1. Show Phe164, Phe147 ordered by accessible area, largest first, where the area counts protein heavy atoms only and the probe is 1.4 Å.
2. Given the peptides 18-29, 102-113, arrange them by the average over their residues of other C-beta atoms within 10 Å, most packed first.
3. So what's the angle, to the nearest 10 degrees on a 0 to 90 scale, between helix 55-65 and the longest Cα principal axis of the chain?
4. Ignoring ligands, DNA and RNA, please state the percent of accessible area on the chain from carbon and sulfur, probe 1.4 Å.
5. Ranked highest first by the average count of other Cβ atoms within 10 Å around their residues, in what order do 60-69, 121-130 fall?
6. With an 8 Å cut-off on Cα pairs and a minimum separation of 6 or more residues, tell me the relative contact order of the range 208-272 in percent.
7. For Leu148 and Val263, what does the FRET efficiency come to when R0 = 41 Å and r is the distance between their Cβ atoms, rounded to the nearest 0.05?
8. Can you bin the range 208-272 into rounded, prolate or oblate? Criterion: square roots of the alpha carbon gyration tensor eigenvalues sorted a ≥ b ≥ c, rounded for a/c under 1.5, prolate for a/b above b/c, oblate for the rest.
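The values are calculated or read from the model by the stated rules, or taken from the named source; none is laboratory data. Keep in mind that this is a model prediction, so the values were computed, not measured. Reconstructed Cβ throughout: ideal geometry from the backbone, glycine too, with neighbour counts over all protein chains shown. SASA here: full protein model, heavy atoms, side chains in, ligands and nucleic acids out. Shrake-Rupley method; radii C 1.70, N 1.55, O 1.52, S 1.80 Å.
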Amino acid sequence: MKLTQGLSKDEKKMIRSMFWRSSTMYISVNPVLMGGGGFCYSLMPFINKYYKNDEAGRRKALERETSYFSTTVPMSTFVMGIAASMEKENSKEPDFNADSINAVKTSLMGPLAGIGDSLFWGVWRAVCAALAINFAKNGNFLAPIIFLIMFNIPNYIIRYYGGFLGYSLGSSYVKKLYENGLMNVLTKAASILGLVMVGAMTVQMVIFKTTIKWTMGGKTIMDVQSVLDQIFKGLLPVAITLVCYKLLKDKKIGVISLIFAIVVLSILASLIGIV
């Protein structure tokens, strides 16, 4: 079955526009949203069309699609296509659960990042580099050009057709789920998977180990970090993450201020000798 089957001329045009716009996903990258700004920019053709006569809905959609997003660029358009199809359904159905859009995005970005990073950065880049290096050793000035062409052709192909695949699948399955009353089930399942992925990211990206030890008579009688690891592996990183989440949720501190506060506290803790 062709990926473009059943799509209108306008939908094909918007998907192609999304494909070109997806190249900018990480231009405005920051610690708060990562590629969220670029994700929203890529979906703007859909948002502007589907919410043309609903300014309040358009603003909510722009805010929704600017949320945190991070995955391998070649895999991003697949998620964008699904999100676009869900925005279309949300614009037509007043009782559509808009929270399901971000839930699906969060649940997909982790697994797709794992696949994309392994294939593109772990395998294909090494293959392209090895071939280009052989050309370079022989003094061939085309070596860097060969590398760029080899590496980017699969990138563009997957990114191009990924958008059509995501939009086509999203349009058909989201509609069926909505008609069968299974949208809430999808939302809950996607939310659970998203939380699992966020938890995995916390363990990998938040590092905090204390060096506090209790001694007696020159001998260490308790290593606090070892005790904490026996209670709950990664207890301190999780606790710090939850505290930061609570502060942000209650709007007691801004993201940038929180980042600076963490840096300052980390330096002080290191100087004092507790980490």
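1. Descending accessible area places them as Phe147, Phe164.
2. Going by the mean number of other Cβ atoms within 10 Å, highest first, we get 102-113, 18-29.
3. Value to nearest ten degrees: 50.
4. Of the solvent-accessible surface of the chain, carbon and sulfur hold 67 percent.
5. Most protected by this proxy first, the peptides run 60-69, 121-130.
6. The value is 18 percent.
7. Efficiency, from the Cβ-Cβ distance: 0.65.
8. Verdict is oblate for the range 208-272.
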